Amino acid sequence: MRIALTLAYDGGVFDGWQTQPSGNGVQDHLERALAAIAAGPVATVCAGRTDAGVHALRQVVHFDTEAVRPLSAWVRGVNAHLPPQVAVRGAREVDAGFHARYGARQRRYRYLIHCARVRHPLLAGRAGWTFRPLDAGRLREAAAALVGEHDFSSFRSAECQAASPVRRIEAIELAEQGPFLLLSFVGNAFLHHMIRNIVGTLLMIADGRRPVAWAAEVLAARDRRLAAPTFAPAGLYLDAVRYDPQFGLDSWDDAAESGFAALLPAFG
């Protein structure tokens, strides 16, 4: 049978999602925990391979197994074998045609940024930080030039292994609350470091170091050397993944946004 899991994790303590020689990828920990419940090796596929330091609120993973277990075993049983910084939040049996990666229609990432003269120690790893004042209007105007289908070569890392640099960003939205900005990116897929490189560029525009038109100019140049440095992974969250309704795995709601809203007032 094929099982789909929804995971949340603190990316700050792992070497990214993908399995690593260190054994400290989220995938490594999850597959060891699944093997303990399945009584045999289990291979997983995820919706988005997050970098080291990047968090997940609702990562989606699938695996195949011949082990017959109640769904609760794939949640609470697996969690008993996982580090405290990662947890399975839900499990369901899915059709064999479901694929966590290739079946994803949209992905939503969110970047939480704390704007303050002095960094807050309790936000370390949880939010990106800038001491420069940001102009939200300039940021929104610059971001609009990146929405749509484009060649994002200027925003892909040198290590990116994608066959094509063309991606489609459906929306870039900005919410403000006190000293926080919450940037939401919706797209079919993203290149390696693409969001972090875009955020670095948008922040340089928002703080006045570059003109608003610079975002469009960098995009058109298709040259990574012209964009801003890669912004820190702290504050970047894989928030939700959208699938065809037939699979019953649509997590596209406002739960994650409400969670952020509850967090922010404590750090004003």
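The values are calculated or read from the model by the stated rules, or taken from the named source; none is laboratory data. Everything quoted here is computed from the prediction, not taken from an experiment. Every residue, glycine among them, receives a Cβ derived from its backbone with ideal geometry; neighbour counts consider all protein chains shown.
Summary of values
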{"quantity": "Residue identified as loosely packed, with under 14 Cβ neighbours inside 10 Å and outside any helix (DSSP H, G or I) among V88, V118, V60", "calculated": "V118"}
{"quantity": "Single residue of the stretch 229-268 satisfying the filter (at pLDDT 90 or above and touching a Leu at 6+ places or on another chain (Cβ under 6 Å)) that is farthest from N197 (Cα to Cα)", "calculated": "Y243"}
{"quantity": "Selection from the stretch 71-91 of residues that are among the basic types (K, R) and either in contact with a Ser or Thr (Cβ under 6 Å, 6 or more places away or on another chain) or at pLDDT below 95 (or both)", "calculated": "R89"}
{"quantity": "Among (1) touching a helix residue (DSSP H, G or I) at 6+ places or on another chain (Cβ under 7 Å); (2) surrounded by fewer than 21 Cβ atoms within 10 Å (Cβ to Cβ); (3) modelled with pLDDT under 95; (4) of a type outside the set (A, V, I, L, M), the one test that W214 misses", "calculated": "(3)"}
{"quantity": "Some residue of the stretch 178-188 being outside any strand (DSSP E or B) and either in contact with a helix residue (DSSP H, G or I) (Cβ under 8 Å, 6 or more places away or on another chain) or over 22 Å from H55 (Cβ atoms) (or both)", "calculated": "yes"}
{"quantity": "A43 vs. criteria small (G, A, S) and surrounded by 16 or more Cβ atoms within 10 Å (Cβ to Cβ)", "calculated": "no"}
{"quantity": "Filtered residues of the stretch 166-191 (kept if buried (at least 17 other Cβ atoms within 10 Å of the Cβ), farther than 21 Å from A116 by Cα and without any contact (Cβ under 8 Å) to a residue 60 or more places away in the chain)", "calculated": "R167, I169, I172, L191"}
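Table: residues versus (1) under 23 Å from E159 (Cβ atoms); (2) within 14 Å of the chain's Cα centre (by Cα).
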| position | (1), (2) |
| --- | --- |
| N24 | yes, no |
| G40 | no, no |
| T44 | yes, no |
| G48 | yes, yes |
| H55 | yes, yes |
